[in-house]
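Visitor: The structure's right below; bear with me while I get my questions together.
The values are calculated or read from the model by the stated rules, or taken from the named source; none is laboratory data. Owing to the predicted nature of the structure, the values given are computational and were not obtained by experimental measurement. Note: ideal-geometry Cβ built from the backbone for every residue, glycine included; neighbour counts use all protein chains shown.
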Amino acid sequence: MPLAVGLPPMYTSTMSVTSHLRKVFEVDQAISGLTSRLQSADRFLAEQQRQLGELDAKVGAVEGESKKQKQLQAGSEKEVALLDAKLEQLREAMGTARTNKEYAVFLTELNTIKAQKDEKEKAQLEMMEKIEASGGQVTALQASQVERRGLVARADSERSARQAEIAGKLEELKAKRELLAKDIGAEHLKLLAELEHRLEENAMAKLYEIDRRNHEWACSSCMRAVPVQSISMILKGQLTRCSNCTCILFADEDQDVGAKKLKKGQTAEQA
Ligand SMILES: [Zn+2]
């Protein structure tokens, strides 16, 4: 026969649903304590990988720009070679000019081409400077890449070490949790999971004693007073939640939550 009305038959043992949930909650807390160190190692590794990715992208961009400049440079060199050939032809033609007028025409054309060649050579110098600057940038970025790869490797081995460190204990706790969960209804497990997700270590809270003999207790998570009806539900082993922070409330046996109320003028010693 169920101990309390409204509880599924699986809670017919002497343990209430709250006590069952508390055991699972304690295991969950132990698991989260173990995994939090692994999670910080994960975050460190992810951050190092992100920074390395950024460097790789920068190197790619600078190298791409440098390649483009080199192609432009090569194209410009070919154009200058063509202009040189033209200049050579013009000089030859000038040597065989028959009239001053003809000579003057060749000279004008020669000067125009010379100006074009100067322009191209000036642009080539600028391209050259850009290519050199890119080269310097790539060298510096590659040095940072080497450094960052070292950090990624370190972060990776630290993560593996932490994982190995906790693996055995974690397996043990997971197995324990699985076993404990078998005694709890799915909807109660779901509630605990939801509260753990939202309230983390405050998903379940012990009653906080304000005045035991006057049945004044508070939720130790949010410190809001817990009404007498809730105290009596907790005593009956019914699942009871804080009306303020929504956590599941529990009491330890040694808290003597069900202590007899004091009569007027009576002290705790007299009771
Ligand atoms: Zn509360």
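Visitor: If you take the residues of the stretch 239-255 that are under 42 Å from the mean Cα position of the chain (by Cα) and without any contact (Cβ under 8 Å) to a residue 12 or more places away in the chain, which of them is farthest from the ligand (Cβ to nearest atom)?
Guide: Initially, the stretch 239-255 is screened for residues under 42 Å from the mean Cα position of the chain (by Cα), giving 239-253, 255.
This time we only want the ones that are without any contact (Cβ under 8 Å) to a residue 12 or more places away in the chain, so: 241, 253.
On the way: 241: 8, 253: 21 Å.
Going through the qualifying residues, I end up with 253.
Visitor: Can you pull out the residues in the stretch 242-258 that are modelled with pLDDT of 95 or more and surrounded by fewer than 19 Cβ atoms within 10 Å (Cβ to Cβ)?
Guide: Within the stretch 242-258, 243, 244, 245, 246 meet the criteria.
Visitor: In the stretch 155-180, how many residues are buried (at least 18 other Cβ atoms within 10 Å of the Cβ) and of a type in the set (Gly, Ala, Ser)?
Guide: Qualifying residue count, the stretch 155-180: 1.
Visitor: Any idea how many residues of the stretch 222-238 are in contact (Cβ under 8 Å) with a residue 24 or more places away in the chain, within 11 Å of the ligand (Cβ to nearest atom) and under 24 Å from residue 184 (Cα atoms)?
Guide: Step one: of the stretch 222-238, the residues in contact (Cβ under 8 Å) with a residue 24 or more places away in the chain are 222, 231, 234, 236-238.
If we keep only those that are within 11 Å of the ligand (Cβ to nearest atom) too, we end up with 222.
From what's left, under 24 Å from residue 184 (Cα atoms): none.
Within the stretch 222-238, residues that are in contact (Cβ under 8 Å) with a residue 24 or more places away in the chain, within 11 Å of the ligand (Cβ to nearest atom) and under 24 Å from residue 184 (Cα atoms) number 0.
Residue by residue, here is whether (1) touching a residue at least 24 places away in the same chain (Cβ under 8 Å); (2) of a type in the set (Asp, Glu); (3) over 17 Å from residue 148 (Cβ atoms) holds:
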{"residue": "16", "(1), (2), (3)": "yes, no, yes"}
{"residue": "22", "(1), (2), (3)": "yes, no, yes"}
{"residue": "28", "(1), (2), (3)": "yes, yes, yes"}
{"residue": "35", "(1), (2), (3)": "yes, no, yes"}
{"residue": "38", "(1), (2), (3)": "yes, no, yes"}
{"residue": "45", "(1), (2), (3)": "yes, no, no"}
{"residue": "48", "(1), (2), (3)": "yes, no, no"}
{"residue": "57", "(1), (2), (3)": "no, no, no"}
{"residue": "68", "(1), (2), (3)": "no, no, yes"}
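Visitor: In the stretch 27-83, what count of residues is obtained for those that are within 30 Å of residue 153 (Cα to Cα), among the aliphatic types (A, V, I, L, M) and surrounded by 14 or more Cβ atoms within 10 Å (Cβ to Cβ)?
Guide: The total comes to 10.
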